[in-house]
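> Once you've had a glance at the structure underneath, I'll fire off some questions.
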Amino acid sequence: MSDRPVPSGRVVITGVGAVTPLGTGVAKFWPRLLAGESAVERITLLDPSEYTTQIAAEVKDFVAEDWLDKKEARRIDRFIAFAVAAAAMAMQDSEIKVDDDLRNEFGVMIGSGIGGLTYLGEQHRRQIEGGPSKVSPFLVPYMIPDMASGYVSILNGLKGPNTCVVTACSTGANAIGDAYHIIKRGDAICMLAGGTEAPINELGLGGFCAARAMTTRNDDPAHASRPFDKDRDGFVIGEGSAVFVLEDYDHAIARGAKIYGEVIGYGMTGDAYHITQPDPNADGAYRAVKMALRTAGKSPEDIGYVNAHGTSTYYNDKGETMAIKRAFGDHAYNVPVSSTKSMIGHTLGAAGAIEALICLLAMRDSKLPPTINYETPDPECDLDYIPNVARDKEVNISMSNSYGFGGHNVSLILKKV
Amino acid sequence: MSADTLEKVRKVTVEELGVKEEEVVESASFTEDLGADSLDVVELVMAFEDEFGIDIPDDEVGEIKTVGDAVTYIDKKKSA
């Protein structure tokens, strides 16, 4: 063990992959996001006619057979397939060569808020109809949320820390933050980290409809997700995955890797308030921003762009605005804040990872994606939300916020290198 | 050995194991030749149960090692 390199204490992103409602692969996704396209349409993955919400942001171009062998592609839960694809894209993008030494220092941390709910629902139906002998042996492995990490580690031969985080809609952000800590403290040199989710199935839709958290603007899907707009009435459910190759800075430099950015700050707090509603004072969200700034050693004036959690629910958007204003002071009115959920919906456990990716691409290209469907200002949401049209702006440091049922609050700070 | 049963067993096997039809010959072992692991075998047996409307008890699964074994077992079960 004596020949293990000393960790640099800095963690950079050297590869990215994404499966999103605006396309599979960054090259497809990013231009459409900057163009302000909506991916929200009537649900096709199931017949939604009996549900109060009948629209979603589905991934339409994903073909599991492109990423998995035929046997697995046919039966595996969609949340695992998305992660396998995003991880494969990230590995290819990073151009990293994994030899037997690096293999043991290369971990996986791909979280999911829910896990294999589609497969669980199908197998539950089989058991009800045919008894316990009809339950598939793949129910347990395809249902458990850690299987995205497990599967990706097997396919890529990665034998470092293998784990996952489950914090509802802050999962993706927590996964990147926790993987950052693992590398920073020297327990791995590289980590595949991110989030994945495929919640558009009978149980997922039924559950979120019952929770009254989603929009019911069924007759106007493209305008249904309208974060920070006065007429917002709930989130649009989405699906997808984003996965990063996180790498020790010295290791990345030594191999001449392309570097998208550096993770420099990570804040996480709890609300201790309610199982689904955010604390109306947004104190936990505020403290997460403060912790992220403190761990980054940065002040609010250093942040050039915020990718908001911005779910398009009344309480989230109001509370998040309060948290940013309290943490940033006067600078809150100078920093552009956008919610890309206006275009791709809320991808739950994948959202934090997809939105961290958006921060990296925004800094790389000096282009900030908009909040679309912003029409009627809300006096309680009075920041610069980059309304409707992308903006050219050079940004060196950006922040991404994510919040989850259970009272999880996460803020990540990413820096251009 | 019923040709109809063989045809259906081959179809189910191709679908469940994602293998090529020409690989699914009577002598092919599900685990040795067709790449099935222990979970795949359980899933495959359940698919045979569904396809043929029969029950295959756990203690009889061991009789089904090859494609030919499956056809023989299913024919016997159906005529019983």
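Matching residues to (1) in contact with a Phe, Trp or Tyr (Cβ under 7 Å, 6 or more places away or on another chain); (2) surrounded by fewer than 16 Cβ atoms within 10 Å (Cβ to Cβ); (3) among the aromatic types (Phe, Trp, Tyr); (4) in a loop (DSSP other than H, G, I, E, B):
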position	(1), (2), (3), (4)
A:Tyr385	yes, no, yes, yes
A:Val389	no, yes, no, yes
A:Val395	yes, no, no, yes
A:Ser398	yes, no, no, no
A:Asn401	no, no, no, no
A:Gly406	no, no, no, yes
A:Val410	no, no, no, no
A:Ile413	no, no, no, no
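> If you don't mind, another one. I'd like the full set of residues that are free of Cβ contacts under 8 Å to residues at least 12 places away in the same chain and either more than 9 Å from chain A (Cβ to nearest Cβ) or over 20 Å from A:Leu68 (Cβ atoms) (or both), limited to region B:16-27.
First pass over region B:16-27, keeping only residues free of Cβ contacts under 8 Å to residues at least 12 places away in the same chain: B:18, B:20-23.
Correct list: B:Lys20, B:Glu21, B:Glu22, B:Glu23.
> Which residues, counting only those in region A:66-81, are in a helix (DSSP H, G or I) and of a type outside the set (Lys, Arg)?
Hits for region A:66-81 are A:Asp66, A:Glu72, A:Ala73, A:Phe79, A:Ile80, A:Ala81.
> I want to confirm something. Restricting to region A:130-169 and keeping residues that are surrounded by fewer than 19 Cβ atoms within 10 Å (Cβ to Cβ) and in contact with a Lys or Arg (Cβ under 7 Å, 6 or more places away or on another chain), which single residue is nearest to the other protein chains (Cβ to nearest Cβ)?
A:Lys134
> For the structure I just gave you, tell me whether A:Ile259 is under 22 Å from the mean Cα position of the chain (by Cα), crowded, with 24+ Cβ neighbours inside 10 Å and not hydroxyl-bearing (Ser, Thr, Tyr). Steps first, answer last, please.
Working: under 22 Å from the mean Cα position of the chain (by Cα): yes; crowded, with 24+ Cβ neighbours inside 10 Å: no; not hydroxyl-bearing (Ser, Thr, Tyr): yes.
When the stated conditions are applied, A:Ile259 does not pass them.
A quick yes/no check of all residues on (1) under 18 Å from the mean Cα position of the chain (by Cα); (2) hydroxyl-bearing (Ser, Thr, Tyr):
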residue	(1), (2)
A:Thr295	no, yes
A:Ala327	no, no
A:His331	no, no
A:Thr340	yes, yes
A:Ala350	yes, no
A:Met363	yes, no
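> Okay, next question. Can you tell me which residue in region B:28-43 is nearest to the other protein chains (Cβ to nearest Cβ), limited to those that are part of a loop (DSSP other than H, G, I, E, B) and among the acidic types (Asp, Glu)?
Going through region B:28-43, the residues part of a loop (DSSP other than H, G, I, E, B) turn out to be B:28, B:30-37.
Checking the rest, the ones that are also among the acidic types (Asp, Glu) come to B:32-33, B:37.
On the way: B:Glu32: 16, B:Asp33: 14, B:Asp37: 10 Å.
Residue satisfying both the conditions and the ranking: B:Asp37.
> Okay, next question. Can you work out which of the residues in region A:71-113 that are among the acidic types (Asp, Glu) and buried (at least 21 other Cβ atoms within 10 Å of the Cβ) is farthest from the other protein chains (Cβ to nearest Cβ)?
First, pick out the residues of region A:71-113 that are among the acidic types (Asp, Glu): A:72, A:77, A:93, A:95, A:99-101, A:105.
If we keep only those that are buried (at least 21 other Cβ atoms within 10 Å of the Cβ) as well, we get A:77, A:105.
Working: A:Asp77: 14, A:Glu105: 28 Å.
Ranking the candidates gives A:Glu105 first.
> Determine which member of the set B:Glu7, B:Glu22, B:Glu51 is acidic (Asp, Glu), within 21 Å of A:Ser133 (Cβ to Cβ), at pLDDT 95 or above and in a helix (DSSP H, G or I).
Numbers: B:Glu7 fails: within 21 Å of A:Ser133 (Cβ to Cβ); B:Glu22 fails: within 21 Å of A:Ser133 (Cβ to Cβ).
Going through B:Glu7, B:Glu22, B:Glu51 in turn, the sole match is B:Glu51.
> Could I ask something else about it? Which one of these is in contact (Cβ under 8 Å) with a residue 60 or more places away in the chain, in a helix (DSSP H, G or I) and touching a strand residue (DSSP E or B) at 6+ places or on another chain (Cβ under 8 Å): A:Leu120, A:Leu102?
Details: A:Leu120 fails: touching a strand residue (DSSP E or B) at 6+ places or on another chain (Cβ under 8 Å).
After ruling out the rest, the residue left standing is A:Leu102.
> What do you reckon, is A:Tyr266 part of a loop (DSSP other than H, G, I, E, B), touching a Gly at 6+ places or on another chain (Cβ under 6 Å), of a type outside the set (D, E, K, R) and modelled with pLDDT of 95 or more? Before the answer, list the steps.
Values: part of a loop (DSSP other than H, G, I, E, B): no; touching a Gly at 6+ places or on another chain (Cβ under 6 Å): yes; of a type outside the set (D, E, K, R): yes; modelled with pLDDT of 95 or more: yes.
So A:Tyr266 fails the test.
> Quick test for you: out of A:Gly194, A:Gly204, A:Gly172, pick the one residue that is surrounded by fewer than 24 Cβ atoms within 10 Å (Cβ to Cβ), under 18 Å from the mean Cα position of the chain (by Cα) and in contact (Cβ under 8 Å) with a residue 24 or more places away in the chain. Write out each step before concluding.
Working: A:Gly194 fails: surrounded by fewer than 24 Cβ atoms within 10 Å (Cβ to Cβ); A:Gly172 fails: surrounded by fewer than 24 Cβ atoms within 10 Å (Cβ to Cβ).
Matching residue, one of A:Gly194, A:Gly204, A:Gly172: A:Gly204.
> May I pose another question? Test A:Gly270 against the criterion of being surrounded by fewer than 21 Cβ atoms within 10 Å (Cβ to Cβ) and under 21 Å from the mean Cα position of the chain (by Cα), and give yes or no. Give the derivation first.
Working: surrounded by fewer than 21 Cβ atoms within 10 Å (Cβ to Cβ): yes; under 21 Å from the mean Cα position of the chain (by Cα): yes.
Yes: the conditions hold for A:Gly270.
> Is there a residue being in a strand (DSSP E or B), touching a helix residue (DSSP H, G or I) at 6+ places or on another chain (Cβ under 9 Å) and over 21 Å from A:Thr14 (Cβ atoms) anywhere in region A:315-325?
So the first thing to find is which residues in region A:315-325 are in a strand (DSSP E or B), and the list is none.
No - not one qualifying residue is present in region A:315-325.
The values are calculated or read from the model by the stated rules, or taken from the named source; none is laboratory data. All figures in this text were calculated on a predicted structure; none of them were measured in a lab. Here the Cβ is made from the backbone with ideal geometry for all residues, glycine too, and neighbour counts use every protein chain on show.
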